[in-house]
């Protein structure tokens, strides 16, 4: 093979550009990890008197709100008595207690007879009356036009604090009252089903919308969005090295016929599309069986994350030249003309989909959310479009010789580029180890690192004498056995309340909306690269923090790193199947605003200015 000065220069430029891109991605990821470790988030309540109450209600030294304030009701004809048993060291605010009755399609406030409370000086609101130990109050229920046998629904709101320094957000409880029997039943949900159709506009975001119906135009538009998202996936730091290496293989095999080149493009496309359809089919089947799952569900399993660490580590070793995986795995080199090269093209497509798992590109959110709410044939059509979008660049490269001629000529730069591409593979493996640590703890990280060492041992002894291959087999089996360890089981949710961030739970948005103040909802996951970049680039910006502080925005974070049914249902409520999801509630009666998946400081400031 001959090398020309022209090809060397072009290759050097390519390698330099790649190194610059790798440095940028590394800085974003490292800064994002630092942001998590130091809880970088907007300082939302430095001057807001109400949000100053919302300290961590999940602290283990404090009681759950239902235990701190135990409420029982008793009905006597039209008179309703409310009895709070208040735990020692806790109190209720007198002016934060109210009761409403659901009547004629709307909530009507009832007059509540409260005794005088104990005067207490609160540093946030001044002198106020509070209740300790016990509170008994009465109210008269309104007469309704409904039959006397029909249940009456009431909503009781209260708010209290602990003397130790924690204050709870407003607590809303719903009860059904049977006037004929006097039976009272607590409704264990944020709002009664009968009220969903009459909720105010400020609460409409919490009502689960019906699945969007589909038409030919709707399907085509969602398929177009999915196709565009698939195209963008090729630029993600996890996917780009695999695609670039496949492109290098085409350059190295410039002597193959045009027909063979096109067949390789089609086989690669088949690998990509088949993989997307397989993942989507499994997801749809599990959802039909009652599982609350969405896009990226596989990364919520620590064992899958650990397996991906192995995969990226081995691919990195291959790119570095430490090992040769052969044409069956990467489909590179002159063997593209052989039968094994065809299987290499197919499995390179499979590999590209695997490494794209942590990524959600722009345009993908709406299209996949639509797909997962439709019949299987419609959903799979959208996923096929996503796969075609991802495979298109390589398909064009294999079918249009003019594009191939734009690539630099073969030369030593290709070996250098291949070795440089190993670094994002190692970086991704490190990042996935961090995700695993967030899911299962540091012991799981240690165990998987031991597994990586066992893989190196297996690769080291495999090319040697036959008896030494036994060491290789045993090491590989031990590395695989690690994936079944109980240490890889997911722990509890990775998000807890802090002074600035409130962890999402059912009914939280409705509670916060009662105060008519702005709310920013961030649905994220540690394995979501787009989420990490948005938090680093936009949400941690000093300008955004200042604006959040000026508006008194309350920051709610829903962490979907581990499987969580309530967050999956939250995503479904906005017709989304994966993260990120950003929703801004301006406060008052204004409708919530769903933000784009890629955030910038200017985008956030513009939305805040428009809605304020």
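Points worth noting:
- Any chance residue 512 is buried (at least 23 other Cβ atoms within 10 Å of the Cβ) and modelled with pLDDT under 85: yes
- Any hit, segment 436-448, residues being touching a helix residue (DSSP H, G or I) at 6+ places or on another chain (Cβ under 8 Å) and at positive phi: yes
- Test: residue 522 is surrounded by 18 or more Cβ atoms within 10 Å (Cβ to Cβ) and at pLDDT 90 or above: yes
- When the helices (runs of 4 or more DSSP H) confined to segment 314-401 are screened for residues that are modelled with pLDDT of 70 or more and touching a helix residue (DSSP H, G or I) at 6+ places or on another chain (Cβ under 6 Å), those reaching at least 1 such residues are found at 339-355, 364-371, 376-399.
- Residue in segment 220-253 that is nearest to residue 277 (Cα to Cα), counting only those that are within 22 Å of the chain's Cα centre (by Cα) and modelled with pLDDT under 70: 238
- Qualifying residues in segment 421-433 (those that are more than 18 Å from residue 444 (Cα to Cα) and buried (at least 21 other Cβ atoms within 10 Å of the Cβ)) - the one modelled with the lowest pLDDT: 421
- Within segment 110-164, the only residue that satisfies the criterion of being in contact with a helix residue (DSSP H, G or I) (Cβ under 8 Å, 6 or more places away or on another chain) and modelled with pLDDT under 80 is 124.
- Residues of segment 96-108 that turn out to be farther than 11 Å from residue 156 by Cα and either modelled with pLDDT of 85 or more or in a helix (DSSP H, G or I) (or both), as a count: 0
- Residue satisfying all of: in segment 546-560; in contact with a helix residue (DSSP H, G or I) (Cβ under 6 Å, 6 or more places away or on another chain) and surrounded by 22 or more Cβ atoms within 10 Å (Cβ to Cβ); farthest from residue 603 (Cα to Cα) among these: 560
- Filtering segment 585-612 to residues that are part of a strand (DSSP E or B) and either buried (at least 20 other Cβ atoms within 10 Å of the Cβ) or modelled with pLDDT under 85 (or both) leaves only 585.
- When segment 61-95 is limited to residues that are under 36 Å from the mean Cα position of the chain (by Cα) and not in a strand (DSSP E or B), the one that is surrounded by the fewest Cβ atoms within 10 Å (Cβ to Cβ) turns out to be 61.
- Test: residue 482 is over 30 Å from residue 521 (Cβ atoms) and either surrounded by 19 or more Cβ atoms within 10 Å (Cβ to Cβ) or modelled with pLDDT of 85 or more (or both): yes
- Restricting segment 165-174 to residues that are in contact with a helix residue (DSSP H, G or I) (Cβ under 8 Å, 6 or more places away or on another chain) and in a strand (DSSP E or B), the residue that is modelled with the lowest pLDDT: 167
The values are calculated or read from the model by the stated rules, or taken from the named source; none is laboratory data. What you are looking at is a predicted structure, and each value in this text was computed from that prediction instead of being measured. When we count neighbours, we look across all protein chains shown, and the Cβ atoms used for this are built from the backbone with ideal geometry, even at glycine.
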